[in-house]
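Visitor: A single structure is presented below for examination.
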Amino acid sequence: MFIIRKLFKLMLLPVVFVLFFIKWLLSTSLKLTESIVGLLTIIVGAGIVYYLVCKRWSDVFLMSLIFAAIMVVLLAVITIQDWCDVLIEKIGAL
């Protein structure tokens, strides 16, 4: 059983490498674009407030969709990073 587990772990080594690369790529891209995404979020939030004051409801809706899309993308990146961490730990625990 010990030999089979070690052999299985050796076979999963490329998977660990790919998971590590994906996690590294996502974290690096998030670090490089965090100021741009933050500025975009502030601009969209200010646009929502402006369009609410001007009572331009269609523009409020569009800006809200843009804001929601930004948040969904950020949530997806963090979720994928967490999945990569969990899978790497599970493969390491074999």
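Yes or no, residue by residue, for (1) modelled with pLDDT of 90 or more; (2) within 30 Å of Arg5 (Cβ to Cβ); (3) not in a loop (DSSP other than H, G, I, E, B):
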position: Ile36; (1), (2), (3): yes, no, yes
position: Ile42; (1), (2), (3): yes, no, yes
position: Tyr50; (1), (2), (3): yes, no, yes
position: Ala69; (1), (2), (3): yes, no, yes
position: Leu74; (1), (2), (3): yes, no, yes
position: Ile78; (1), (2), (3): yes, no, yes
position: Asp82; (1), (2), (3): yes, yes, yes
position: Leu87; (1), (2), (3): yes, yes, yes
position: Leu94; (1), (2), (3): no, yes, no
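Visitor: Listed residues Ser35, Ser58, Ser27, Ser64; which is touching a residue at least 40 places away in the same chain (Cβ under 8 Å) and of a type in the set (Ser, Thr, Tyr)?
Guide: Among Ser35, Ser58, Ser27, Ser64, only Ser27 is touching a residue at least 40 places away in the same chain (Cβ under 8 Å) and of a type in the set (Ser, Thr, Tyr).
Visitor: If a residue must be outside any helix (DSSP H, G or I) and open to solvent by 60 Å² or more (accessible area, probe 1.4 Å), how many such residues does segment 1-28 contain? It would help to see each step written out before you state the result.
Guide: Start the filter on segment 1-28 by keeping residues that are outside any helix (DSSP H, G or I), which leaves 1, 12.
Pick out the ones that are also open to solvent by 60 Å² or more (accessible area, probe 1.4 Å) and you get 1.
Of the residues in that region, 1 qualify.
Visitor: It is to be established whether one or more residues within segment 29-49 are surrounded by 12 or more Cβ atoms within 10 Å (Cβ to Cβ), within 12 Å of the chain's Cα centre (by Cα) and within 30 Å of Leu94 (Cβ to Cβ).
Guide: Looking for residues that are surrounded by 12 or more Cβ atoms within 10 Å (Cβ to Cβ), within 12 Å of the chain's Cα centre (by Cα) and within 30 Å of Leu94 (Cβ to Cβ), one finds at least one in segment 29-49, hence yes.
Visitor: When you look at Ile88, is it more than 30 Å from Lys23 (Cβ to Cβ) and open to solvent by less than 50 Å² (accessible area, probe 1.4 Å), yes or no?
Guide: Criteria not met by Ile88.
Visitor: List every residue pair whose Cβ atoms lie under 6 Å apart, where the two residues are 6 or more positions apart in sequence or sit on different chains, the first residue falls within segment 72-92 and is among the hydroxyl-bearing types (Ser, Thr, Tyr), and the second residue, located anywhere, is open to solvent by 70 Å² or more (accessible area, probe 1.4 Å).
Guide: Between residues of segment 72-92 that are among the hydroxyl-bearing types (Ser, Thr, Tyr) and residues that are open to solvent by 70 Å² or more (accessible area, probe 1.4 Å), there is no close pair.
The values are calculated or read from the model by the stated rules, or taken from the named source; none is laboratory data. All figures in this text were calculated on a predicted structure; none of them were measured in a lab. Note that each Cβ is placed from the backbone with ideal geometry, even for glycine, and that neighbours are counted across all protein chains shown. Side chains included, ligands, DNA and RNA excluded: accessible areas come from the protein's heavy atoms. Shrake-Rupley method; radii C 1.70, N 1.55, O 1.52, S 1.80 Å.
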